[in-house]
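Asks: Sharing a structure, written as structure tokens. Questions coming.
Every number in this text was worked out from the coordinates using simple rules, so none of it is lab data. Please read all numbers here as calculations on a predicted model, not as lab measurements. Ideal geometry is used to build each Cβ from the backbone, glycine not excepted, and the neighbour counts take in all protein chains shown.
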Amino acid sequence: MAGPKITFSVRKTGGWARFGALIDPAKANGRMRSNMRNATSHNAKLFAKQIRKVIQGGVAPANAALTIFIKKSSKPLAGPDALLFKAIAHKTLDPYTAEVGVKKGDASVNSAMVAHEGARIPVTPSMRAMFAYLADASDGNRSPGVLTGRAAELWRKRPGGWKALKKSTTHIVVPGRPFIKLAIEDKSARKTAARNWSYAYAAALAGKVWKAQR
């Protein structure tokens, strides 16, 4: 080759072990999975907290008169019997996936579905009879001690003041209150979650361990 020749050499000046660790596929992949799992777990906790915040704040529409009478609270999904609030849980499945909400098999899962999606429940003869018994007990025409099952449970929650259902009442309508959907779609929570995943990813590329900021 004609023309001037260029000669160069490479000399190790330190940091090669760290560089090797950064480009090592096995170590890099493990670090990425660890960081992303930390971020996913933290975000699952974040959204579980956001769901509880939505429940505490109340979700429209307001409780119906009968619900207020039973629960002694006008705030939907909350109040003295707020089992739904306590049932909110989260579980990290893998570095990139988590479940947040009411666990399958939990005693509150059916009521959670009804609360979230709403329902139109037909009034059965037994339901109508139950309210009639409660009304009789409230009027002094029946001893509360003879009430059993759901009727006895409702009486314990609210002794007295019950009325029979009107003949025109053929369904009990539960309006949907999408507390999980509202929490997941919260812009601030989504922005925080995206930032956590982004920082965890960047930290993995830099060879660092990502931890949630308190």
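Asks: What distance in nm lies between label points placed 7 Å from Cα along the C-beta direction at residue 120 and residue 99?
Replies: 3.1 nm
Asks: State the three equivalent ellipsoid semi-axes of the range 22-75, derived from the C-alpha gyration tensor as the square roots of 5 times its eigenvalues, in descending order and whole Å.
Replies: After scaling each eigenvalue by five and taking roots: 47, 7, 6 Å.
Asks: Would you mind checking 86/187; 71/191; 27/86; 103/208; 187/211 for any pair whose Cα atoms are more than 29 angstrom apart?
Replies: Listed pairs above 29 Å: 71/191; 27/86; 103/208.
Asks: If amide H atoms are built 1.01 Å from N in the plane of the peptide, which residues on other chains or at least 5 residues away come under 5 Å of the amide H of residue 89?
Replies: 101, 102, 103
Asks: Moving to a separate point now. What is the extension gain from residue 146 to residue 113, computed as 0.36 nm multiplied by their sequence separation minus the C-alpha to C-alpha distance, in nm to one decimal?
Replies: Here the answer is 8.6 nm.
Asks: Can you sort 92, 170 so the residue with the fewest Cβ neighbours within 10 Å comes first?
Replies: Going from least to most buried by this count: 170, 92.
Asks: Next up: Roughly how big is the range 124-169's charge dipole about its Cα centre, with Cβ charges of +1 (Lys, Arg) and -1 (Asp, Glu), in debye to the nearest 20?
Replies: So the dipole magnitude of the range 124-169 works out to roughly 180 debye.
Asks: Each residue of the range 119-133 in order: what ³J(HN,Hα) in whole Hz does its phi give by Karplus 6.51 cos²θ - 1.76 cosθ + 1.60, θ = phi - 60°, with x for Gly and Pro?
Replies: Along the range 119-133, the couplings run 7, 10, 9, x, 7, 8, x, 5, 5, 5, 5, 4, 5, 5, 4 Hz.
Asks: Could you give the alpha-carbon Rg of the chain over 2.2 N^0.38 Å, rounded to two decimals?
Replies: Against the empirical 2.2 N^0.38 Å value, I get 1.73 for the chain.
Asks: Quick one: what are the phi-derived ³J(HN,Hα) couplings along the range 97-112, Karplus 6.51/-1.76/1.60 with θ = phi - 60°, whole Hz, x for glycine and proline?
Replies: Values per residue, Gly and Pro as x: 9, 9, 10, 9, x, 9, 5, 4, x, 5, 4, 9, 5, 5, 5, 5 Hz.
Asks: Around residue 152, under 15 Å between beta carbons, what's the net of Lys plus Arg minus Asp minus Glu among the other residues?
Replies: +3
Asks: For the chain, build the charge dipole from Cβ charges (+1 Lys, Arg; -1 Asp, Glu) around the Cα centre, then report which of 32, 64, 90 sits farthest towards its positive end.
Replies: The Cα lying farthest towards the positive end belongs to 32.
Asks: Shifting gears a bit: Per-residue counts of other Cβ atoms within 10 Å, averaged by peptide: what ranking do you get for 206-213, 118-125, highest first?
Replies: 206-213, 118-125
Asks: A further question on this structure: Taking the Cβ of residue 63 as the centre, find all other residues whose Cβ is under 9 Å away and add up their charges (Lys, Arg: +1; Asp, Glu: -1).
Replies: Net charge around residue 63: +2.
Asks: Something else: Which whole-Hz couplings ³J(HN,Hα) result when phi for each residue of the range 171-180 is put into the Karplus expression 6.51 cos²θ - 1.76 cosθ + 1.60, θ = phi - 60°, listed in order with x for Gly and Pro?
Replies: Per-residue couplings from phi come out as 9, 9, 9, 9, x, x, 10, x, 5, 6 Hz.
Asks: Can you tell me the FRET efficiency between residue 174 and residue 198 if r is taken as the Cβ-Cβ distance and R0 is 35 Å, rounded to the nearest 0.05?
Replies: 0.30
Asks: Here is a further query. Taking K and R as +1 and D and E as -1, what net charge do the other residues with C-beta under 10 Å from the C-beta of residue 96 add up to?
Replies: The answer is +1.
Asks: On full extension of the chain, what length is gained from residue 185 through residue 67, given 0.36 nm per residue of separation minus the C-alpha to C-alpha distance?
Replies: My answer for the length gained is 39.7 nm.
Asks: Only four residue types carry charge here, +1 at the Cβ of Lys and Arg and -1 at the Cβ of Asp and Glu. Report the dipole size of the chain about the Cα centre in Debye, rounded to the nearest 20.
Replies: Once rounded to the nearest 20, the dipole reads 820 debye.
Asks: Students often forget the sequence filter, so: which aspartates and glutamates lie under 18 Å Cα-Cα from residue 49 once same-chain residues fewer than 8 apart are removed?
Replies: 99, 185, 186
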